[in-house]
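See below for the structure under consideration.
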Amino acid sequence: MGPPAIKIFLDSNVILSGLLSDRGAPRVILDLLCLELPFLRGATGAYNLLEIERNIGKRLPGGLEVFRSCLPRLRLEIVPLPSRQTVESFLPLIAAKDAPVLAAATQWGADFLVTGDKRDFEQLKGDPRISLSIIHPAELIRILGQRMAEEPDMEE
């Protein structure tokens, strides 16, 4: 048995970017999640899904049904909204709009919170007060590539 699965929590922008483009790191991440690789588990938050649906509803109202039909294929675990107290505990670290994302990722026990949001999450990279690593989609692809090279089953 190999090492435990890498647990990745996807921010809304990664999911949206991956669905709207047929190339780039966000799309590769979504494609990998569809493969049910034994070393990879993905999640997002109920809060993130609300944000995605709000954005799609504003820009592509007809796209909501397409999004809802694609979502199960990603095999993402959906993390419920964290308690108000849990979210508030992250307010000293990050903007109020992003605190539920960080709280849900932490609550789920993610190894990585994957986000394209450089402005709001960048200051938390490497912060010892949080139990996960915040990385950009391209960084995750590099990490997964290394992991796949280490997996003996992947060579067959």
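By the Stokes-Einstein formula, at 1.002 mPa s and 20 °C, the range 16-70 with its Kirkwood radius over alpha-carbon pairs has D equal to 175 µm²/s.
Below 11 angstrom from the Cβ of Leu35, what's the summed charge of the other residues (Lys, Arg +1; Asp, Glu -1)? Around Leu35, the charge tally is 0. Here the range 60-118 has an Rg and Dmax of 13.9, 38 Å, counting Cα atoms alone.
Only lysines eight or more places from Lys125 in sequence, or on another chain, were considered; those with a Cα closer than 21 Å are Lys7, Lys97. Here the alpha carbons of the chain define both size measures, Rg and Dmax, at 15.5, 48 Å.
In whole Å, what is the distance between the alpha-carbon centres of the range 32-79 and the range 111-148? Taking the Cα centre of the range 111-148 as reference, the centre of the range 32-79 is 19 Å away.
Just so you know, all these numbers are worked out from the coordinates, no wet-lab data involved. In this text the structure is predicted, and so the values were computed from the model without any measurement. Neighbour counts run over all protein chains shown; Cβ positions are idealised from the backbone, glycine included.
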